[in-house]
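Undergrad: Here's a structure for you.
Every number in this text was worked out from the coordinates using simple rules, so none of it is lab data. Note that the structure is a prediction, hence the values are computed from the model and not measured. Cβ atoms come from the backbone with ideal geometry, glycine included; neighbour counts cover every protein chain shown.
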Amino acid sequence: MMDPYDRYELMVNGAVMKNPLVLSSMAGIVDAAYVNARKDLVGMACIGGFSIDQRTMEASRELAAAGRKEFLYDDPVAAIAAQVAQMAEIGVICALNLRGSSPASFRAVAEAIGPSVVYEIDAHCRQAPLVSAGCGEYLLKHQDALFATIRALKEAGVCVSVKIRAGVAEDDRALVKGITAAGADILHVDLMDFGHAKLRQLRNSCPLLIIANNSITTFSAAKDMLAHGADMLSLARQATPETLRGLDKDLARYADETGWYNAPKQLCRGGDIRALTFCCMPVKQCPLIPTLEHLDIPRNEFMTLKLDLVKNTPLAGGENTCFGSLAWCCKSSTPCMFRNMALKEQGLSLHDYMRYKRRLSEKLMQRVFDADAFYAPE
Ligand SMILES: Cc1cc2nc3c(=O)[nH]c(=O)nc-3n(C[C@H](O)[C@H](O)[C@H](O)COP(=O)(O)O)c2cc1C
Ligand code: SF4
Ligand code: SF4
């Protein structure tokens, strides 16, 4: 069996994800026992949501009294610590989906539980009692409070995920830029009915690991999300062992076949900006030109950049390809005799070619999202 790191090259909070599947939280339902019943099928689980202070615990009690499922307890830290202890035995990366009414509440939990788990801020819930308690959607409308919470968690030295619902904030692009600037590590987005166009918009706005969510229950939906910017996929309502088993199997086969499980579509086919790795030299009128202008990368710089980044790698070869280097060559799904001959000369499979293209894409994204650090001397 292939090693999961070789297959997906995906790590969260210092641990290898066995696959890109995530259990998305459902209050009153998703706990360690629920994860245990699916432990071989997912890489990460967001357990909870857990209310973590007086105001949010009261909101949970109100919701439970009205018939909703909620996790109820008197001492949130003790209840969460017990869950974390069980999760440690299960072998699935643990994230805690938390509802708190102040940055201090989140920080207190992080200081008590420590950095072995991911802290997911619930900026998603739209139940009125929780929103009135200053969490869930409230944080998408009062973003300074969200950013302060991210900063408080980062000061406690932990890995931070932010769960949002698309289309609630005034401008989702500005929101994820703010989330990035505040120091978060992961964006977990419920895409509602917006689909892959919204995901691509978010992917093009931030370098965070992205978990795509909402109705991703088939391999075709999963592939669509991966090709438009998702690193991981989460399921809540349909997270049955049968559905997860099917996705796990199909994703593994796809990753083994292609070499890059979440390779973007080419830019001219609607791909996100990671697809710059597949782009030609900027010599014709095509979507590359406005994309570079938007990113404020001069064409000359793009030419030098790609060639510099492939130096001393097999992608530097390929003098008989269209632009004289595999740096400019298309995605493996585009058939091409010239590229394939160049790969043969290098002793490279299409699978390996895609792995090198992934490396190139990662470096290009470093330049796009942090030009200052990219050009700073070592
Ligand atoms: C019963 C139920 C409870 C939920 N509780 C939470 C929660 O506590 N925190 C949260 O961030 N999302 C919560 N969600 C949202 C889910 O995690 C997920 O974002 C949503 O159901 C869409 O994904 P799906 O199509 O895979 O179900 C809940 C969803 C359901 C159905
Ligand atoms: S440079 Fe090539 S791959 Fe990129 S958008 Fe233009 S035609 Fe498509
Ligand atoms: S040689 Fe083939 S793969 Fe390379 S840029 Fe030309 S058409 Fe694309």
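Undergrad: Name the residue from ALA78, LEU96, THR313 whose Cα lies farthest towards the positive end of the charge dipole of the chain, charges +1 on Cβ of Lys and Arg and -1 on Cβ of Asp and Glu.
TA: Result: THR313.
Undergrad: How many angstrom lie between the Cα centre of the range 121-138 and the Cα centre of the range 329-378?
TA: Each part's Cα centre sits 42 Å from the other's.
Undergrad: Does the range 159-311 come out rounded, prolate or oblate by the C-alpha gyration tensor, with a ≥ b ≥ c the root eigenvalues, rounded set by a/c under 1.5 and, if not, prolate when a/b is larger than b/c and oblate if not?
TA: oblate
Undergrad: Sticking with this structure for a sec: For the residues HIS196, HIS351, HIS188, what sequence is obtained by ranking on other C-beta atoms within 10 Å, fewest first?
TA: HIS351, HIS196, HIS188
Undergrad: Name the residues of the range 251-266 whose amide N is less than 12 Å from a point 7 angstrom out from the Cα of CYS330 along the C-beta direction?
TA: Within reach of a label on CYS330, which here means backbone N under 12 Å from a point 7 Å along Cα→Cβ, the range 251-266 contributes 266.
Undergrad: For labels at LYS344 and GLU242 in the simple 7 Å Cα→Cβ model, what's the distance in nm?
TA: Inter-label distance under the simple model: 4.6 nm.
Undergrad: Here's a follow-up. For the chain, what does -39500 (n - 2.57) per DSSP helix run (n ≥ 4), summed and divided by total residues, give at 222 nm, in deg cm²/dmol to the nearest 500?
TA: After summing the helix terms and dividing by the residues of the chain, the value is -13500 deg cm²/dmol.
Undergrad: Rounded to the nearest Å, what's the spacing between the alpha carbon centres of the range 55-96 and the range 13-30? Just the number, please.
TA: Between the Cα centre of the range 55-96 and that of the range 13-30, the gap is 15 Å.
Undergrad: For the range 51-189, what relative contact order do you get, as a whole percent, if you take Cα pairs closer than 8 Å and at least 6 residues apart?
TA: Taking the mean separation of contacting Cα pairs over the length of the range 51-189, I get 22 percent.
Undergrad: If the chain between ASP250 and VAL16 were fully stretched, how many nm would it gain, using 0.36 nm times the residue separation less the Cα-Cα distance?
TA: Length gained, ASP250 through VAL16: 82.3 nm.
Undergrad: So how strong a dipole does the range 4-258 carry about its Cα centre when Lys and Arg Cβ are +1 and Asp and Glu Cβ are -1, to the nearest 20 debye?
TA: 340
Undergrad: In what sequence, highest mean first, do 4-17, 22-35 appear when ranked by Cβ atoms within 10 angstrom?
TA: The most tightly packed comes first, giving 22-35, 4-17.
Undergrad: For the range 276-319 and the range 211-272, what is the centre-to-centre distance using only Cα atoms, to the nearest Å?
TA: Answer, in whole Å: 27.
Undergrad: Roughly how large, in nm² to one decimal, is the mean projection of the convex hull of the alpha-carbon atoms in the range 4-258?
TA: Directional mean of the projected Cα hull area for the range 4-258 stands at 12.1 nm².
Undergrad: I would also like to ask the following. What does the highest-first list of 262-272, 318-328, 166-176 look like by mean Cβ count within 10 Å?
TA: Per-residue Cβ counts within 10 Å, averaged per peptide and sorted highest first, yield 262-272, 318-328, 166-176.
Undergrad: Quick one: among ALA110, ALA128, ALA275, which has the greatest mean-square fluctuation in a GNM of the chain with alpha-carbon springs under 10 angstrom?
TA: ALA128
Undergrad: Can I ask one more? Picking from THR243, ALA152, ALA27, whose Cα lies most toward the positive end of the charge dipole for the chain (charges on Cβ: Lys, Arg +1; Asp, Glu -1)?
TA: Checked the options; the winner is THR243.
Undergrad: Starting from the alpha-carbon convex hull of the range 267-375, give the projected area averaged over all orientations, in nm².
TA: 6.5
Undergrad: Arrange the following residues from fewest to most other Cβ atoms within 10 Å of their Cβ: LYS311, LYS141, LYS163.
TA: Ordered from fewest to most neighbouring Cβ atoms within 10 Å, LYS311, LYS141, LYS163 come out as LYS311, LYS141, LYS163.
Undergrad: May I ask you to derive the FRET efficiency for ALA79 and ALA373 from their Cβ-Cβ distance with R0 = 45 Å, giving the value to the nearest 0.05?
TA: Between ALA79 and ALA373 the formula returns 0.65.
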